[in-house]
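The values are calculated or read from the model by the stated rules, or taken from the named source; none is laboratory data. Just so we're clear, the structure is a prediction, and the values are computed from it rather than from any experiment. Positions of Cβ are backbone-derived with ideal geometry, glycine not excepted, and every protein chain shown enters the neighbour counts. Quick note on the areas: whole protein, heavy atoms, side chains included, nothing else; ligands and nucleic acids left out. Shrake-Rupley method; radii C 1.70, N 1.55, O 1.52, S 1.80 Å.
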There are 2 protein chains.
Amino acid sequence: MEKTSTRGRPREFDTEQALAAALRVFWTKGYEGASLTDLTDAMGITRPSLYAAFGNKEALFRKALDLYGEEKLAYVGRALAAETARGVASNLLYGAIDTVTGDECRGCMGVMASVSCQSAEESIREDVSNRTESSRKALVARMEQAIADGDFAAPVEAETITRYLLAVLQGMAVQAGAGANREQLQQVAEATLAIWPSR
Amino acid sequence: MEKTSTRGRPREFDTEQALAAALRVFWTKGYEGASLTDLTDAMGITRPSLYAAFGNKEALFRKALDLYGEEKLAYVGRALAAETARGVASNLLYGAIDTVTGDECRGCMGVMASVSCQSAEESIREDVSNRTESSRKALVARMEQAIADGDFAAPVEAETITRYLLAVLQGMAVQAGAGANREQLQQVAEATLAIWPSR
DNA sequence: CATATTACGTACCACTCGATATGGAAAAGA
DNA sequence: TCTTTTCCATATCGAGTGGTACGTAATATG
């Protein structure tokens with residue numbers, strides 16, 4: 001993947017560091033809202049360097065999405081490992097609060113790309129949609145397990161409870177993007193857990 | 001507000017009809033995603049006509065928001081008139097489904113503007129934020145009334161239950177924007193009502 | 001009819017967008 | 001040292017952006 005030839009002039013900037021800066025820009029301004037000038041300014045490199053290192057804007061966004069998934073959504077995988085459905089929900093809700101209320105990176109990139117990016121490259125929305133869908137399926141599987149474990153008092157459908165929980169999480173991301181603070185999001189999380197239909 | 005002088009050449013297009021077309025474009029593509037070419041093509045008018053009739057793109061968007069609030073969010077006012085908190089929630093949830101799953105206008109403009117429009121005119125986000133906040137306060141007041149009426153079994157805070165319900169509604173809008181169909185959103189609504197903490 | 005007022009249509013403005021061609025600087029191997 | 005390879009920087013590309021100047025057509029008032 002990465003060119004590792006030893007010949008020629010070595011790169012003067014750190015690729016990972018530049019990618020992290022690009023992620024922050026995409027996170028705050030969205031795909032279409034982030035111009036190449038915004039990106040290169042934040043990354044500290046010139047346009048040709050960006051194209052040489054990352055291909056183009058879309059490829060850079062995809063790599064930023066990869067980094068986002070690895071760093072910022074790691075809590076999702078850990079959340080699924082909780083012992084009960086309530087534990088999974090709790091982990092997801094409070095993990096989302098941490099991710100969604102950054103110092104300057106507010107909201108969720110997946111939500112941004114789903115709601116915005118309407119006129120953007122269809123392939124990007126498709127990519128984000130696929131990532132979201134795979135997480136959703138994992139959560140459905142975990143909820144089926146919880147149902148088999150007898151976690152839920154009343155009978156529930158795994159698809160239904162998953163889609164409901166995702167809606168709450170996405171709604172929290174929306175409110176965070178609109179300026180909600182941590183305390184207000186904790187209210188949502190506590191209310192959700194207070195009426196969560198399982199032990 | 002509107003020029004009603006009888007002198008001069010009369011306008012050849014219907015202002016309200018053109019505004020409705022602009023609303024559809026803004027709804028599907030967002031504020032920044034909707035170009036003047038998109039707008040004028042859909043409205044069937046030329047650029048100078050648009051600027052003469054509506055001022056500029058931002059003013060047109062605001063008037064489209066007004067129309068959106070009057071036509072598409074009328075159900076919110078009716079929802080608040082329900083007799084119980086559960087009735088309010090039910091009306092809001094199912095009303096949102098109707099609004100959010102149009103034939104070609106999917107999602108919620110308020111959610112779009114909150115999540116997207118990060119780099120757009122700050123005044124627009126502020127405007128949308130104010131509109132959302134006023135609806136939120138009305139819902140808080142209705143929930144306080146419901147608490148006083150003894151609607152809720154367990155003790156709840158009006159601010160908390162409001163923010164929770166809004167999160168579910170916003171999450172449904174996100175899922176609609178991502179392609180969820182009516183049946184899937186009905187699952188979310190039913191799940192929300194099934195665990196709703198009031199009679 | 002004459003004139004004022006308004007709307008329409010074309011053609012264009014300055015600007016920004018994402019993306020590149022080009023030329024020189026720097027570092028490796030021969 | 002010489003060549004090759006790669007990187008960096010300037011300067012630009014064509015396309016598209018929101019917004020307008022200007023000339024013409026159409027209607028109402030006098």
- [ ] Could you calculate the FRET efficiency of A:E58 with B:E58 from 1/(1 + (r/R0)^6), where r is the beta carbon distance between them and R0 is 45 Å, rounded to 0.05?
- [x] 0.95
Open item on the list: If each label sits 7 angstrom from Cα along the C-beta direction, how far apart, in nm, is B:E126 from its counterparts in the other copies?
Closed with: 4.1
TODO: Take the solvent-accessible surface of the protein heavy atoms, probe 1.4 Å, and return the percent of it on the range B:15-68 that carbon and sulfur atoms account for.
DONE: 50 percent
Open item on the list: Restricting the calculation to Cα positions, tell me the Rg (one decimal) and the Dmax (whole number) of the range B:15-68 in Å.
Closed with: 9.4, 24
TODO: Take peptide B:128-140, look around each residue's Cβ out to 10 angstrom, count Cβ atoms belonging to other protein chains, and average those counts.
DONE: 1
Task: Sparsely packed GluC sites (Glu not before Pro) within the range A:1-84, loop by DSSP, other Cβ within 10 Å at most 16 - done: A:E2, A:E12, A:E83
Open item on the list: I need the Debye-formula profile for chain B: one equal scatterer per C-alpha, no solvent, reported as log10 I(q)/I(0) at q = 0.10, 0.14, 0.15, 0.17 1/Å, two decimals.
Closed with: -0.49, -0.85, -0.94, -1.11
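Could you work out, residue by residue across A:108-116, how many beta carbons of other chains sit within 10 Å of that residue's beta carbon, and then give the average as an integer? Can you show the working numbers first?
Details: counts 2, 0, 2, 8, 4, 3, 10, 16, 11.
Mean inter-chain Cβ contacts per residue within 10 Å come to 6.
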- [ ] List the distances, in nm and shortest first, from the label point of A:R199 to the matching label points in every other copy, placing each point 7 Å from Cα along the Cα-to-Cβ direction.
- [x] 2.8
Open item on the list: What does the copy distance list look like for A:T46, label position 7 Å along Cα→Cβ, in nm and ordered from shortest?
Closed with: 4.4
- [ ] Pop a pseudo-label 7 angstrom from the Cα along the beta-carbon direction at both A:F13 and A:S49 and give the gap in nm to one decimal.
- [x] 0.5 nm
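When Cβ neighbours within 10 Å are restricted to other protein chains, what is their mean count per residue of peptide A:157-169? Before the final figure, lay out each step's value.
Working: counts 3, 0, 3, 7, 5, 3, 9, 11, 3, 5, 16, 7, 3.
Rounded to a whole number, the mean comes out at 6.
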- [ ] Provide the FRET efficiency to the nearest 0.05 for the B:L193-B:E157 pair, computing r from the beta carbons and using R0 = 22 Å.
- [x] 0.65
TODO: For n ≥ 4 DSSP H runs only, could you compute -39500 (n - 2.57) per run for chain A, divide by its residues and tell me the 222 nm figure to the nearest 500?
DONE: -22000 deg cm²/dmol
- [ ] With +1 on each Lys and Arg Cβ and -1 on each Asp and Glu Cβ, and nothing else charged, work out how big the dipole of the protein assembly as shown is about its Cα centre, in Debye to the nearest 20.
- [x] 540 debye
Open item on the list: Suppose the chain between A:S129 and A:A20 were pulled fully straight at 0.36 nm per residue; how much longer would it get relative to their current alpha carbon spacing?
Closed with: 37.0 nm
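Between A:T84 and B:E121, what FRET efficiency follows from the Cβ-Cβ distance if R0 is 51 Å, with the result rounded to 0.05?
On the way: r = 46 Å, r/R0 = 0.91.
Here the calculated transfer efficiency is 0.65.
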Task: Rounded to whole Å, sorted largest first: equivalent-ellipsoid semi-axes of the protein assembly as shown, Cα gyration tensor - done: 35, 34, 17
